[in-house]
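A.B. asks: First the structure, then my questions, so here it is.
Since every read-out is calculated from the coordinates, none of them should be taken as a lab result. If you're wondering where the values come from, they're calculated on a predicted model, not measured in any experiment. Note: ideal-geometry Cβ built from the backbone for every residue, glycine included; neighbour counts use all protein chains shown.
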Amino acid sequence: MQRTLAIIKPDAVGNQCAGAIIKRIEESGLKICALRMVTLTQQGAEGFYAVHKDKPFFGALTAFMSSGPAVVLALEGENAIRRWRDLMGATNPDEAQVGTLRKEFGASIDRNATHGSDAEDTAAYELNYFFCGVELLR
């Protein structure tokens with residue numbers, strides 16, 4: 001079994017799409033091990049996205065991610081990282097396949113509804129950022 005972090009971003013929460021996205025996660029067979037609604041501070045968003053601090057989009061990304069509530073989830077399943085990324089679709093909703101979350105709920109590359117870990121080491125870091133071990137169901 002593999003675990004990954006999923007985020008329903010402030011745009012999707014603000015558009016009242018969190019429930020629909022969670023339903024799609026459950027229908028996909030991924031198990032939700034933990035779930036929390038958070039509102040990141042600017043500093044919290046900068047810490048989470050520190051790997052991108054030298055990228056030109058860093059300021060806009062962290063401002064957006066601290067602009068309102070988001071839902072963070074720990075997901076578990078066989079090949080959970082790949083399955084969640086496939087369910088999300090391409091980063092740019094215009095390039096995402098029909099039926100993916102970003103195609104359905106994303107408005108732009110900057111407001112694309114969801115985030116997911118891209119590798120096991122990233123998932124471990126990101127899960128630890130939002131959840132301590134006792135919060136994760138076994």
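A.B. asks: Which residue pairs have Cβ atoms under 6 Å apart, sit 6 or more places apart or on different chains, and have a first residue in segment 108-124 that is more than 18 Å from Thr62 (Cα to Cα) and touching a residue at least 60 places away in the same chain (Cβ under 8 Å) and a second that is buried (at least 23 other Cβ atoms within 10 Å of the Cβ) and among the charged types (D, E, K, R)?
C.D. replies: none
A.B. asks: Do we find that Thr39 is of a type in the set (Ser, Thr, Tyr) and over 10 Å from Val71 (Cα atoms) in this structure? First the steps, then the outcome.
C.D. replies: Values: of a type in the set (Ser, Thr, Tyr): yes; over 10 Å from Val71 (Cα atoms): no.
No; evaluated as a whole, the condition is false for this residue.
A.B. asks: Of the conditions (1) β-branched (Val, Ile, Thr); (2) surrounded by 14 or more Cβ atoms within 10 Å (Cβ to Cβ); (3) over 15 Å from Leu5 (Cβ atoms), Val98 clears all except one; give me its number.
C.D. replies: Just one mismatch for Val98, condition (2).
A.B. asks: Within segment 101-128, which residues are surrounded by fewer than 23 Cβ atoms within 10 Å (Cβ to Cβ) and of a type in the set (Val, Ile, Thr)?
C.D. replies: Answer for segment 101-128, where residues must be surrounded by fewer than 23 Cβ atoms within 10 Å (Cβ to Cβ) and of a type in the set (Val, Ile, Thr): Ile109, Thr122.
A.B. asks: Checking Leu40 against (1) in a helix (DSSP H, G or I); (2) among the hydrophobic types (A, V, I, L, M, F, W, C); (3) farther than 18 Å from Thr122 by Cα, only one condition comes out false. Which one?
C.D. replies: (1)
A.B. asks: Got at least one residue in segment 25-33 being free of Cβ contacts under 8 Å to residues at least 12 places away in the same chain, loosely packed, with under 14 Cβ neighbours inside 10 Å and either closer than 26 Å to Asp121 by Cβ or not β-branched (Val, Ile, Thr) (or both)?
C.D. replies: Yes: segment 25-33 contains one or more residues that are free of Cβ contacts under 8 Å to residues at least 12 places away in the same chain, loosely packed, with under 14 Cβ neighbours inside 10 Å and either closer than 26 Å to Asp121 by Cβ or not β-branched (Val, Ile, Thr) (or both).
A.B. asks: Tell me, which residue of segment 53-86 that is in a loop (DSSP other than H, G, I, E, B) and small (Gly, Ala, Ser) is surrounded by the fewest Cβ atoms within 10 Å (Cβ to Cβ)?
C.D. replies: Of everything passing the filter in segment 53-86, Gly68 is surrounded by the fewest Cβ atoms within 10 Å (Cβ to Cβ).
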